[in-house]
Amino acid sequence: MYPFTFTKVSDTAEALNAGHRGGRYIAGGTTLVDLMRETVERPETLVDISALPLRGVTVTERGGLRIGALVRMAEAAAHAKVRTTYPVISEALELSASAQLRNMATIGGNIMQRTRCTYFRDVTAGCNKREPGSGCAARDGFNRTHAILGTSDACVATHPSDVAVAFAALQATVHVVGPDGARSIPFADFLLRPGSTPEREQALQKGELITAVEIPAFPRPLKSGYLKVRDRQSYEFALTSAAVALHVRGGVIREAKVAAGGVGTVPWKLPAVEKHLIGERPSQALWAEAAKHAADGARPLEHNRFKVELLKRTVERQLRIVGGTK
Ligand code: SF4
């Protein structure tokens, strides 16, 4: 570790002031402290925001859900309203990390977490995300866990969050506040693909602070769930995953929200799969046919070609689990 300044703030104005001066926000600390220990990140000032009033899960006027940025992962997963209206969120959270981490990590921190690419965390390796212009050791290295969608010449790292896949599927909104006031960012625009600037991962401006994530209301009933495929059954990141939400009325699929994890540089929405489902009657054949589109546009690397087929099977299986087999 190295010397740094630690400031605890008690209100949002104080936080924004410190953030605008270059301080890094910290709450659960489950990602940032690790990265500081490994000297991957070296912030000079940490701003502890854990006392800010950004907790609580509330039903919005429009019938959606608003999850405060400082709600712990475990707390959100166990919340009765989350469990009953959006099980896909609860399941994604419960399949993440370990119990200890879920008790500390916050929703805001979860969607801000950085990639698990091993080269990113190895300060002796070339990594454009950690050190722009230094190359990408993963491209010609061991890239079994890396992305097949949304990659660029500069970076092929996956986004590690599970709940972000559920948020992407459900078209959540991220509410933020900054020196210029509050604004709302569609989840699809919040996490950035690497392009030529992989070091820039979110659409936040300097000093901006996440206040909440809002899930829109959907027609009821909405059946949903999250499937995670990984090398071991606990404390492991996804090789592939699928978040699925379906609204079926009169025997016909009226709404279909589908996204994949473990395969994209950001949580990967699957509009081609959704389009294939809407207006159709649930059936085994439909799930299989729709899932064929899950890997459209994939560009696998040397060691992760298996993800193309695995992704299709993951999506098909989760459509079957959520949508039934009639
Ligand atoms: Fe760095 Fe991205 Fe390459 Fe990993 S994939 S080494 S994070 S540039």
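The values are calculated or read from the model by the stated rules, or taken from the named source; none is laboratory data. On a predicted model such as this, the values are computed, not experimentally measured, just so you know. Heads up, the Cβs are rebuilt from the backbone with ideal geometry, glycines too, and the neighbour counts pull from every protein chain shown. To get the accessible areas, we keep the full protein, side chains included, count just its heavy atoms, and leave off ligands, DNA and RNA. Shrake-Rupley method; radii C 1.70, N 1.55, O 1.52, S 1.80 Å.
Observations on the model:
- Solvent-accessible area, 1.4 Å probe, carbon plus sulfur percent, for the chain: 51
- Theoretical gain in end-to-end length, ARG200 to ALA78 [0.36 nm per residue, Cα-Cα removed]: 40.7 nm
- In segment 17-95, the inverse of the mean reciprocal separation of distinct Cα atoms equals 14.5 Å; this is its Kirkwood hydrodynamic radius.
- Of all the options ARG281, ARG66, ARG193, the one that moves most in a Gaussian network model of the chain with Cα springs shorter than 10 angstrom is ARG281.
- Rg ratio (alpha-carbon, reference 2.2 N^0.38 Å) - segment 1-53: 1.10
- The helix-based estimate of mean residue ellipticity at 222 nm for the chain, built from -39,500 (n - 2.57) per DSSP H run of four or more residues and divided by its residue count, is -7500 deg cm²/dmol to the nearest 500.
- Debye-sum result for segment 83-133 in log10 I(q)/I(0), which assumes one identical scatterer on each alpha carbon, at q = 0.22, 0.23 Å⁻¹: -0.87, -0.91
- Accessible surface ranking for LYS275, LYS129, LYS307, LYS81, 1.4 angstrom probe, highest first: LYS275, LYS81, LYS129, LYS307.
- One decimal place: the segment PHE4-GLU61 gains 16.3 nm when fully extended, by the rule 0.36 nm per residue minus the C-alpha distance.
- Between ARG183 and ARG230, the contour length at 0.36 nm per residue exceeds the Cα-Cα span by 13.3 nm.
- With coordinates expressed along the principal axes, the C-alpha atoms belonging to the chain extend over 61, 50, 34 Å, beginning with the largest.
- Projecting the Cα atoms of VAL213, SER184, GLN171 onto the charge dipole of segment 162-227, computed from C-beta unit charges around the Cα centre, puts GLN171 farthest toward the positive end.
- Exceeding the 29 Å Cα-Cα cut-off - candidates LYS81/LYS307; LYS206/LYS269; LYS129/LYS269; LYS228/LYS292; LYS228/LYS275; LYS8/LYS257: LYS81/LYS307; LYS8/LYS257
- Extending 7 Å from the Cα toward the beta-carbon at both ASN17 and THR45 defines two label points whose distance is 1.0 nm.
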